[in-house]
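Following: one structure in structure tokens, then a few remarks.
The values are calculated or read from the model by the stated rules, or taken from the named source; none is laboratory data. In this text the structure is predicted, and so the values were computed from the model without any measurement. Glycine gets a Cβ as well: all are built from the backbone with ideal geometry, and neighbour counts include every protein chain shown. The accessibility values were calculated without ligands, DNA or RNA, using every heavy atom of the protein model including side chains. Shrake-Rupley method; radii C 1.70, N 1.55, O 1.52, S 1.80 Å.
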Amino acid sequence: MSYQLTIEPLGAIIEVEEGQTLLDAALRQGIYIPHACGHGLCGTCKVQVSDGDVDHGHANPFALMDFERDAGKTLACCATLQSDACIEADIDEDPDAQVIPVRDFHTTVSRIETLTPTIKAIYLKLDSPVHFQAGQYVQVVIPGIEGSRAFSIANSPAQVQATGEIELNVRMVPGGAGTTWLHQSLKAGDSLQISGPYGRFLVRKSAKLPLVFMAGGSGLSSPRSMIHDLLEEQSQQPMTLVYGQRTREELYYDDAFRELAAQYPHFTYVPTLSGEPEGSDWAGARGYVHDVAKAHFGGTFAGHQAYLCGPPVMIEACISTLMQGRLYERDIYTEKFLSAADTNQQRSPLFKRV
């Protein structure tokens, strides 16, 4: 059984299968509804149901409050249809975003590499070509674990086209069933089901502004894809990557980024360590990403575009620093994946997540 869903203000009419979420149905038709966590936790995908009946699913009561439900609001990421319906969504035109319908892919693990004591690079051979924009992510179905897990694609579209495989950088999350399985049980030759691409964390190339990438931990994945993509296109936009880890052993792809900075005069690489033991031979910056970026740019970010990817606390600190340095919402883009624990952390009410 299926139902018809009308999406305003586009006037688009799509088919939604029984049990399929509104967000999944829209994305598979190439219609982008703003969203972030994908699990009913953050409220980014909130839409107005103007006609018809929906099941709210497992929407978090803090992301979708009772009075909002009574007013006809729902979360597209976990709502399903119980009749034909019409929704009103906050859909913005983005001239840099391509219309790419989400698809399912069968993949085979071609190899797994240890990048740091807590991060592995997993290379997945695709059963068919994938079209995506640098910065987007995929959802991975992990056997025996409910739901899927989101991971950014760490290599560029041109690299994926050349090799037929995508690279995912997976950090072990203490107590995380999904990342524990990927680190401890997955091996070369295994099969994984994925879907994608998802997200609008992508470089707004049409603006032609100097770029600042601020990343922490395995949040390096998206900026790495974006930077390689820009360099492969021979873009001459000045770009700076400020990348933070706790210790030197956790700093991965460091040598590769140093080589890129030496090869391309318009690319600057600033690694920083926040927990490196005193007295070590580390000669680079020490401290948190936002503080090191502030010092590097002299406290002023006006005239740039910033792309932030990493833990929620890091992103909030970076947003504050950028705004103090006269860079505002229209030129700040963020990407973070929210877990249940993250819903208790303070998040800036000024910014839409992409």
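General observations
- Ordering of 259-266, 193-200 by packing [mean C-beta count within 10 Å, highest first]: 193-200, 259-266
- 37 °C / 0.692 mPa s Stokes-Einstein diffusion coefficient of region 149-298, Kirkwood radius on C-alpha pairs, µm²/s: 193
- Given charges at beta-carbon only (K, R positive; D, E negative), |dipole| of region 1-107 in Debye: 280
- Packing-based order for 233-240, 9-16, 213-220, 184-191, using average beta carbon neighbours within 10 Å, highest first: 213-220, 233-240, 9-16, 184-191
- Long-range amide H partners of residue 42 with built H, under 5 Å: 37
- For the chain, the direction-averaged projected area of the alpha-carbon convex hull comes to 18.2 nm².
- Among beta bridges that DSSP assigns inside region 1-111, antiparallel share in %, nearest 5: 80
- When 281, 24, 104 are compared by accessible surface with a 1.4 Å probe, the order from highest to lowest is 281, 104, 24.
- Positive minus negative residues near residue 16 (Lys, Arg vs Asp, Glu; Cβ under 11 Å): -4
- Exposure rank, largest accessible area first [93, 68, 88; 1.4 Å]: 93, 88, 68
- Considering only alpha-carbon pairs that sit under 8 angstrom and 6 or more positions apart, the relative contact order computed for the chain is 14 percent.
- Applying the Kirkwood pairwise sum to the alpha-carbon positions of region 258-341 produces a hydrodynamic radius of 14.4 angstrom.
- Sulfur and carbon atoms: percent of accessible area, the chain [1.4 Å]: 50
- Residues in the chain average 45 Å² of solvent-accessible surface per residue, probe 1.4 Å, ligands and nucleic acids excluded.
- Cα-based shape type of region 254-301, given that a ≥ b ≥ c are square roots of the gyration tensor eigenvalues and the cut on a/c is 1.5: oblate
- Each label was represented as a point 7 Å from its Cα along the Cα-to-Cβ direction; for residue 162 and residue 71 these points are 5.1 nm apart.
- Note that region 188-269 shows a convex hull volume over its alpha carbon atoms of 140 Å³ per residue.
- Dipole magnitude of the chain, debye to nearest 20 (Cβ charges: Lys/Arg +1, Asp/Glu -1, about Cα centre): 980
- Debye intensity ratio I(q)/I(0), log10, region 96-158, q values 0.20, 0.22, 0.27 Å⁻¹ (C-alpha model): -0.99, -1.18, -1.52
- Coordinate range of the alpha-carbon atoms in region 1-156 per principal axis, descending: 50, 32, 31 Å.
- Total charge dipole magnitude, region 187-257, about the Cα centre, Cβ charges on Lys, Arg, Asp, Glu only, Debye to nearest 20: 340
- DSSP beta bridges in the chain [antiparallel fraction, %, rounded to 5]: 60
- Here the Kirkwood formula puts the hydrodynamic radius of region 1-67 at 12.8 Å, using every distinct Cα pair.
- The Cα-based radius of gyration and maximum Cα-Cα distance (Dmax) for region 209-255 are 11.4, 33 Å.
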